[in-house]
1. For segment 15-86, which fully contained helices (runs of 4 or more DSSP H) count at least 2 residues that are more than 16 Å from the ligand (Cβ to nearest atom) and at pLDDT 95 or above?
2. Would you mention how many residues in segment 41-55 are under 17 Å from residue 96 (Cα atoms) and free of Cβ contacts under 8 Å to residues at least 40 places away in the same chain?
3. Could you please let me know if residue 268 is more than 16 Å from the ligand (Cβ to nearest atom), without any contact (Cβ under 8 Å) to a residue 60 or more places away in the chain and within 18 Å of residue 301 (Cα to Cα)?
4. Is there a residue in segment 185-197 that is assigned to a strand (DSSP E or B), without any contact (Cβ under 8 Å) to a residue 60 or more places away in the chain, outside the structural domain of residue 36 (by TED's automatic domain parsing) and away from the ligand (no atom under 16 Å from the Cβ)?
5. When you scan segment 10-27, do you find a residue that is farther than 20 Å from residue 161 by Cβ and assigned by TED's automatic domain parsing to the domain that holds residue 120, even just one?
6. Going residue by residue through segment 242-256, is there one that turns out to be assigned to a helix (DSSP H, G or I), over 13 Å from residue 115 (Cβ atoms) and within 16 Å of the ligand (Cβ to nearest atom)?
7. Out of 177, 203, I need the residue that is modelled with pLDDT under 95 and either within 11 Å of the ligand (Cβ to nearest atom) or surrounded by fewer than 21 Cβ atoms within 10 Å (Cβ to Cβ) (or both). Which one?
Ligand code: UT7
């Protein structure tokens, strides 16, 4: 019996050079380092330079992932970019990434699931690979979220940052007796009834402008922990694994209190939870692959580890993916 699996070949990341600290933000908006750290757990975020676009961040992360995997752009036949901040309304940022990497074959498209985008993209790439539509996928989460912020609105502008992370998934046919590897299961959810709890008040079909982020923060917070834990359990149920089998939990990095709440509700020891919200802030679809890049580079996540990815965001959308590294 064939067992086609999408295994992780490499990861990479890119962060814009400019770092914006809480103290610097407090000079321009009525906030404080103390409030941001206590309520959200953020110390600093990276901000893309003028003329630096989402596809540029994505390409830099992709090149690092290719180097990490020992592959070249020619080896890639599927590019999925999860983003809410594409360079242009169209074409997809993924096609710009394809062009900038010099790739002429295969396919490229974007996924718009806001902060859950990377988990949606991993599940999509895994399905494409298992259904014979691709052999090596470059799955990227990339955002210039700073461009959607109203920098006079302290309830949102302190929360977000820019960055990109990339993962390469490769099709393998596991031999008889070979242990399970790669993406083991995913679960994706959405409920559009919550659309206006976290949204941007512009778009091609409404205002013809880009718009700014609006969030009913406490309302989003109220839903977050329950939705995250539900989808983690749904993903585990598909495989027979339990929370106790997990080596690492790599959650979306929106708020330290949400991460801690979800970890505690799942009964996970804090040392198994990867946290980067302090240094990256909320980078939307880039947050999970950025966290992955940190935890693989510092040697925490190793081959053979059981890793649960999870995210929740605008829509609402939420999802999880379980990977044997
Ligand atoms: O990535 C997608 C998912 N997004 C999320 O998961 C975000 C979920 N929500 C949150 O993380 C939190 O709700 C926030 C961090 C957005 C806000 O934290 P909170 O503890 O829910 O605060 P709050 O909105 O209830 O505001 C408490 C107080 C208010 O003042 P009053 O009315 O009590 O006087 C706010 O005006 O904090 C005030 N406040 C601030 N103060 C200083 C709000 N933003 C700031 C700020 N600096 N930046």
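The values are calculated or read from the model by the stated rules, or taken from the named source; none is laboratory data. Bear in mind that the values here come from a model prediction, so they are computed numbers and not experimental data. Cβ placement follows ideal geometry from the backbone for every residue including glycine, while neighbour counts extend to all protein chains displayed.
1. 54-69
2. Residues that pass the stated criteria total 1.
3. Yes; evaluated as a whole, the condition is true for this residue.
4. no
5. Checked against the condition, which is being farther than 20 Å from residue 161 by Cβ and assigned by TED's automatic domain parsing to the domain that holds residue 120, segment 10-27 yields at least one hit.
6. Checked against the condition, which is being assigned to a helix (DSSP H, G or I), over 13 Å from residue 115 (Cβ atoms) and within 16 Å of the ligand (Cβ to nearest atom), segment 242-256 yields at least one hit.
7. Answer to the check: 177.
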